[in-house]
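The values are calculated or read from the model by the stated rules, or taken from the named source; none is laboratory data. What you are looking at is a predicted structure, and each value in this text was computed from that prediction instead of being measured. Cβ placement follows ideal geometry from the backbone for every residue including glycine, while neighbour counts extend to all protein chains displayed. Note: accessible area is taken over every heavy atom of the protein model, side chains too, but ligands, DNA and RNA are not part of it. Shrake-Rupley method; radii C 1.70, N 1.55, O 1.52, S 1.80 Å.
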There are 2 protein chains.
Amino acid sequence: MNFIIFSRKCMTSILVLSLILTFGCAEKSAQNADGSSTPDKLSGQTLKMASWEDAPRTKIMDWVDAVTTAGSADFIPEKDRIAVFDNDGTLWSEQPYYFQLAFAIDEIKRLAPEHPEWEKDPSLKALISGDLQGFMAGGEKALLSAVAITHTGMSVDEFDSRVKNWIKTATHPKTGKPYNEMIFQPMLELLDFLRENGFKTFIVSGGGIDFMRAWAEDAYGIPPYQIVGSQLGLTYVDTTASPQLMKTPELAFNDDKAGKPVGISRNIGKRPVFAAGNSDGDYQMLQYTSTGDGARFGLIVHHTDSVREAAYDRESHIGQLNKGLDDASKYNWMVVDMAKDWKVIYPYELNNQ
Amino acid sequence: MNFIIFSRKCMTSILVLSLILTFGCAEKSAQNADGSSTPDKLSGQTLKMASWEDAPRTKIMDWVDAVTTAGSADFIPEKDRIAVFDNDGTLWSEQPYYFQLAFAIDEIKRLAPEHPEWEKDPSLKALISGDLQGFMAGGEKALLSAVAITHTGMSVDEFDSRVKNWIKTATHPKTGKPYNEMIFQPMLELLDFLRENGFKTFIVSGGGIDFMRAWAEDAYGIPPYQIVGSQLGLTYVDTTASPQLMKTPELAFNDDKAGKPVGISRNIGKRPVFAAGNSDGDYQMLQYTSTGDGARFGLIVHHTDSVREAAYDRESHIGQLNKGLDDASKYNWMVVDMAKDWKVIYPYELNNQ
C-alpha cells in the first residue's frame, strides 16, 4: 500500500474512530536508514530505560527514586502508585490513521465477499475497492457504518478473536511492520521500570477497550483489567447453553478528554500519581493527575521525529497537541522530544544495531 | 439500637439501596453464645481455609489444585485465573438491611443539624427522629432522596472520606460490631487461598462502587481497581486549581443480575473461572462464569445459620435466593451451608476461642 494522504477532513465522535486525517506527514520515514540517531552503545540488558537519553531518563528516575524511598517527603505507598498511559501516539504510533481504523478497514475487505449487499453502499463499495479517499468522503456516516459492521453484532469473545487474528498478519501501510511492533521501545522500558518500582500500570485511551485488550497484554504486559477505554454497548444473552456478551452499536462511554478522569474513577478508583499522554485528548487526565496531593509526574510524548516516526502537534488533525504544550510548564509536565530524547523508537530497531 | 423489623415491602431500583426489607430474622443471634458450633481445634495460622469444614474445603482445594497444576487437563494459566465475588451476603452480612443503607441513614442523621430544610420532607423527618419505619413508608422516592443527599453533590474524594469516617465508628444495630468486622472469616481465607494460587480476586457487587472502595482494600485485600459495582454519574469539574470528579445522581450503571456479566466485561475484560454469590442477583454472574470453556467453579453462600448469622433464602426480601438453588446442580455450583460448612462466621469469633 502507498502512503495515503487525504484532502478532506472528516470528523466523527465515535471512539478513536473519530478519525481526522493527518496532513503533512508525507515526509516521514519510520526507518532510520542511515542510523544517524541510533546510539551505538545501548546496553539494554542491564541499564534501566536504556533507550532514553540521559536528561529525561535522569528526571524520571530521580522522581521514582524520591517517591519510592521510605522516609522521603515525597514517598508514595505502593498501593497508591497508579500510573496511567494513553495508548495511541503514547505507547504506539497513530499515523497515518489510528490503527483501530486500519482494523476496521481490513475487516471490511476480508468480509466483503460474504456481504454482497455492502456494494450498495457507495462508501463501503469505495473502501472495498481500495479507494480509501472515496470511503472517507462518506464522512461520519460512513465511519459509523464501518464501526457497526466490524465492532458490533457479535460476542465480545468473537470480536476478541477477530482482533487477535488481524494483528497476527496485518501490516502498517508505510513501514510494512505488524502494528503491534510499532510500539515505543522507550515507553516499554518506562512501563517496566515503573512496575519494578511497585507501580501498577494502566492504559487510559480513547480507543476501544475490547480492541486494546486483544493484544495489549502481549505488547505491553498490561492485563485486560488494567485497560480503560471507550466502550460500545453490551447485552448479556443467555438464551443458549453458552451465554455470551453481545456487542451493540451505541456509544456507552467515550474515554477521551474530560471522559478520561471519569474513566479512571470508574475503572481504577484511585487518582493516579503518574500520567503520560501525547495529545489534548489527554489534557484532563494529565491535569487530574498533576493536581492531586503529593508528588506527581506528567509526561507528554511530543512527536518531533519526521525521520524515524512522524512530526506533528498543533496543526495536526490526529493527535493534536496545543493546550498540552501551552500548559506543560504550568503543571510541570515533562515534554519528551522524540527526536532528541529517544535513542530508539521501535523495538525492531534494536535488531539493526 | 434495637433490631428493627419492618412490615412494609419497599422497592427501588437504585444501587443496593433498592432495599427490600427482610422478614423472619428476629430469631437470629450473631454471637455464638454457647460456642457449640465453634470448633475447638482451629489451627488457622498454618492450615489453609481452616474455618471450613473438611468436605467443602476439600472440594475447593481439589479444584484449585487441578487448575494450577501444570500439565493437568484442567490447567488454567495464571493470567486467566480471575475470581469474582459478590459482596453483600457473600463477603459480609447484609441483614437486617444493606450496610450501605445504614451508611445513608447514619449520614442523614449526622448532617441533619446543618440542614433544617430536611425537616420539611416527612420521610427525612421520620428518619432523623429515628423512625426508620416511617422513613421506609416514603417508598422509592424517600430512598432516592436519601441516596442523593448522601452519595452525590460532592467529589469522589469527599465521599470516600465520609465513608471512611463512618466505617471507623458506625456499628451494626444488632451485633454492635463495626460493619467491617462483620465480614466472613471463611471467605477471607478463600480469598487468601486463591490469591496464593495465582488468582486475581475481584468484587462484583450491586453495591455502590465508591462505597466499597473506601474500605474493601483494608477488609479483604482487594484494591479499588479490582472492585466492580453500581455507579452513579460523574462529572469532571476543572474550574478550580484542584479539579475534582463530582458525583451526580443519575444511575450510570446497575451492576446486578444481567448487569454483572456486563460489569465484568467493562471492568475486568476476562471471563472469570471462579465466581461466588449468595442471591439471584448473582445468577447471571455465576452462569456466565460456569458456562465458559474449561474448568470453572461456582459457589453459593446459603444463609442457613439463624443462630450465628441469619437464615433466609427463597422467601427473603433481601438477598433472595430461588433460581440459584434450583439450578445449582445443573451448573455444578457448590452450595455452602453456612450453619454446617463454616466453623466460624466472623473473624472476631476467633478471639473468643
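Laid out as a table, the results:
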read-out	value
Whichever residue in the range A:238-254 is out of contact with any Gly (no Cβ under 9 Å at 6 or more places or on another chain), at the interface with another protein chain (Cβ under 8 Å from one of its Cβ atoms) and open to solvent by 30 Å² or more (accessible area, probe 1.4 Å) and, among such residues, is farthest from A:Leu321 (Cα to Cα)	A:Ala241
Wholly enclosed helices (runs of 4 or more DSSP H) of the range A:77-150 bearing at least 1 residues within 23 Å of A:Thr248 (Cβ to Cβ)	A:99-111, A:122-128
Close pairs (6 angstrom Cβ cut-off, 6 or more residues apart or separate chains): over 17 Å from A:Gly233 (Cβ atoms) in the range B:244-263, open to solvent by 40 Å² or more (accessible area, probe 1.4 Å) anywhere	B:Gln244/B:Val237; B:Met246/B:Thr235; B:Met246/B:Val237; B:Thr248/B:Thr235
Filter result (open to solvent by 30 Å² or more (accessible area, probe 1.4 Å) and part of a strand (DSSP E or B)) within the range A:152-174	A:Thr171
Test set (1) in contact (Cβ under 8 Å) with a residue 60 or more places away in the chain; (2) aromatic (Phe, Trp, Tyr); (3) open to solvent by less than 30 Å² (accessible area, probe 1.4 Å) - B:Trp118 fails condition number	(1)
Candidates B:Ser161, B:Ser145 - the one that is among the small types (Gly, Ala, Ser) and at pLDDT 95 or above	B:Ser161
Selection count where residues are more than 12 Å from A:Ala214 (Cβ to Cβ) and not β-branched (Val, Ile, Thr), scope the range A:152-169	3
Hits in the range A:188-221 (condition: free of Cβ contacts under 8 Å to residues at least 40 places away in the same chain and either crowded, with 19+ Cβ neighbours inside 10 Å or within 9 Å of chain B (Cβ to nearest Cβ) (or both))	A:Glu217
Cβ-Cβ under 7 Å pairs, at least 6 apart or on other chains, the range B:307-319 side acidic (Asp, Glu), far side buried (at least 23 other Cβ atoms within 10 Å of the Cβ) and in a loop (DSSP other than H, G, I, E, B)	B:Glu309/B:Ser93; B:Glu309/B:His303; B:Glu309/B:Ile345; B:Asp313/B:His303; B:Asp313/B:Leu321
Candidate set: the range A:274-299, residues that are buried (at least 24 other Cβ atoms within 10 Å of the Cβ) and in a loop (DSSP other than H, G, I, E, B); chosen: the one farthest from the other protein chains (Cβ to nearest Cβ)	A:Asn278
Condition met for A:Ile203 (over 11 Å from A:Phe99 (Cβ atoms) and modelled with pLDDT of 95 or more)	yes
Options B:Ile222, B:Ile203; residue that is in contact with a strand residue (DSSP E or B) (Cβ under 9 Å, 6 or more places away or on another chain) and part of a loop (DSSP other than H, G, I, E, B)	B:Ile222
Failed item, numbered, when B:Ala311 is tested on (1) more than 9 Å from chain A (Cβ to nearest Cβ); (2) open to solvent by less than 30 Å² (accessible area, probe 1.4 Å); (3) under 17 Å from the mean Cα position of the chain (by Cα)	(2)
Of the criteria (1) within 10 Å of another protein chain (Cβ to nearest Cβ); (2) basic (Lys, Arg); (3) free of Cβ contacts under 8 Å to residues at least 24 places away in the same chain, which one A:Arg271 fails	(3)
Pairs with Cβ under 9 Å, 6+ apart, first in the range A:136-151 and open to solvent by less than 30 Å² (accessible area, probe 1.4 Å), second of a type in the set (Asp, Glu) and in a helix (DSSP H, G or I)	A:Ala146/A:Glu107; A:Thr150/A:Asp106; A:Thr150/A:Glu107; A:His151/A:Glu107; A:His151/A:Asp210
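The rows are residues; the columns are (1) polar (S, T, N, Q); (2) surrounded by fewer than 21 Cβ atoms within 10 Å (Cβ to Cβ); (3) touching a Phe, Trp or Tyr at 6+ places or on another chain (Cβ under 6 Å).
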{"site": "B:Gly176", "(1), (2), (3)": "no, yes, no"}
{"site": "B:Pro223", "(1), (2), (3)": "no, yes, no"}
{"site": "B:Asp256", "(1), (2), (3)": "no, no, no"}
{"site": "B:Pro261", "(1), (2), (3)": "no, no, yes"}
